Amino acid sequence: ATYDGRLLRYEIDLNLGGEGKLKDGYLLTDDHVWILGERYDLWEVPCTGTVPQDDTSKMSHRLGGMLRFTYRHHFSSISNSNITSDQGWGCMLRTGQMMLAQAFKLHYGGDPVTQRRSAGSASAAGVDQNIANWFCDKPESPYSVHNIAQLGDKKGKPVGNWFSPTLIALVLQELVEQNSIKHDNLRVYVADTATLYFEQIEAINPKDNFSPLLVLIPVMLGAPPLANPIYFGSLLQFFHLPGFLGIVGGKPNASLYFIGYHLDASCQLVYLDPHVCTQQALMTVTDASRETLRESNFLTMPITSLDSSLVLGFYCADRASFDNLVVTTQKIADSSGTPMFTWQHSAPLGNKRESLSAYCDGWRLVSASEQEDSGEFKPDGDDDDEWEEI
């Protein structure tokens, strides 16, 4: 089956004639990878002994720059328990840490592709190390497994039990709020019913004094255990957005952090895996210990194995990027006919255009040509005349 003909290349023979196409003497196939807002093209060489410059090294650098948190052991016991390792139960906590760390990298300019701002005179590597230290395996680190598990315990999930996607989103929201001054008043909004209400967002983040915003959206994509394929096309388009933080979820009873997809003759999701090893507790981040947070392998999983219960994450640096998130995700939902989440002003309204205009106050959906000129993402297949003023 083709879940979205504009994205999934199960119909690659129709588009490329089954032979690919030549560019500068090389065979270019539609074999590419998207990782959190960046596309990486891969090449094949038909009859020569030289390999052209492709994006493999750039992609490897991007993967290696991400923070991969895995199971750890021999840390101090969590709260009043005797638990000193999160092996077997902490994968959702670790993948939540990974998504939050990526949000901080965007927030502080430590991401190699989408740097929002500089962090004083510190290099991206210095920003990266500072962020990693916030996730060390000790109570003093604000986003340690200790603090996540203890807050989960207060919310009814005893230490040592597996978190649901919704619970990890709510716990991360509260932890960031506790440290919001440290993070320049970074705000977090959790849409725990898969509906985002502008009135609620306005209450925590006034539009006339907008602070950077982390949006976490727990979703259920069909009946368990596996996601309904009808959502796959829309899901993949999110990986094109520069502020997308990926997906926390995975396969049944095993949480992974999905950061992109590999599109060749099929579709594979690219992920970071907290289960790959159980390492000694991370107490501080040095150049040597940073290597234990680095993913060197390219891990993929068929999209058809995706669990139905997930958390989507988005980072909005300013009001303009939030406005663009609303418009773009609404367009993706409209084009698919099966939205994963919805935007409303307060109580659900019958006319979604009214709900948007109530918040946006004269906000206009930009045309396709304007988006192309500005470099903003436009879902494939949209014609200029489909865009209209609100």
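The values are calculated or read from the model by the stated rules, or taken from the named source; none is laboratory data. Predicted model, so just to flag it, every value in this text is computed and none were measured. A quick note on method: Cβ atoms are made from the backbone with ideal geometry, for glycine too, and the neighbour counts reach across all protein chains shown. Accessible surface areas use protein heavy atoms only, side chains included; no ligands, DNA or RNA. Shrake-Rupley method; radii C 1.70, N 1.55, O 1.52, S 1.80 Å.
Of note:
- Integer Hz, Karplus 6.51/-1.76/1.60 couplings in order for the range 269-274, x for Gly and Pro: 7, 9, 8, 9, 10, x
- Listed residues K157, K251 arranged by accessible area, highest first, probe 1.4 Å: K251, K157
- Residues whose amide H falls under 5 Å from that of L269, counting only those 5 or more places apart or on a different chain, are H262, M301, I303, with hydrogens built in the peptide plane.
- Ordered by solvent-accessible area of protein heavy atoms (1.4 Å probe), largest first, the residues I83, I217 come out as I83, I217.
- Cα gyration tensor shape for the range 67-349, rounded if a/c is under 1.5, else prolate or oblate: rounded
- Rolling a 1.4 Å probe over the protein heavy atoms gives the range 67-349 an accessible area of 36 Å² per residue.
- Estimated at 0.36 nm per residue, the fully extended path between K138 and A320 surpasses their Cα-Cα distance by 61.8 nm.
- Normalised by the number of residues in the range 67-349, the average gap of Cα pairs under 8 Å and 6 or more apart makes the relative contact order 25 percent.
- Under 5 Å from the amide H of T342 lie the amide H atoms of T195, L196, each residue being 5 or more positions distant or on a separate chain, with H modelled from the backbone and absent for Pro and chain starts.
- Pairwise FRET efficiency - N130 versus I181, Cβ, R0 = 22 Å, nearest 0.05: 0.85
- Around the amide H of F163, modelled in the peptide plane, lie the amide H atoms of M92, L93, all under 5 Å away and 5 or more residues distant in sequence or on another chain.
- Largest to smallest in accessible area, the residues M283, M98 fall in the order M283, M98 (1.4 Å probe, all protein chains included).
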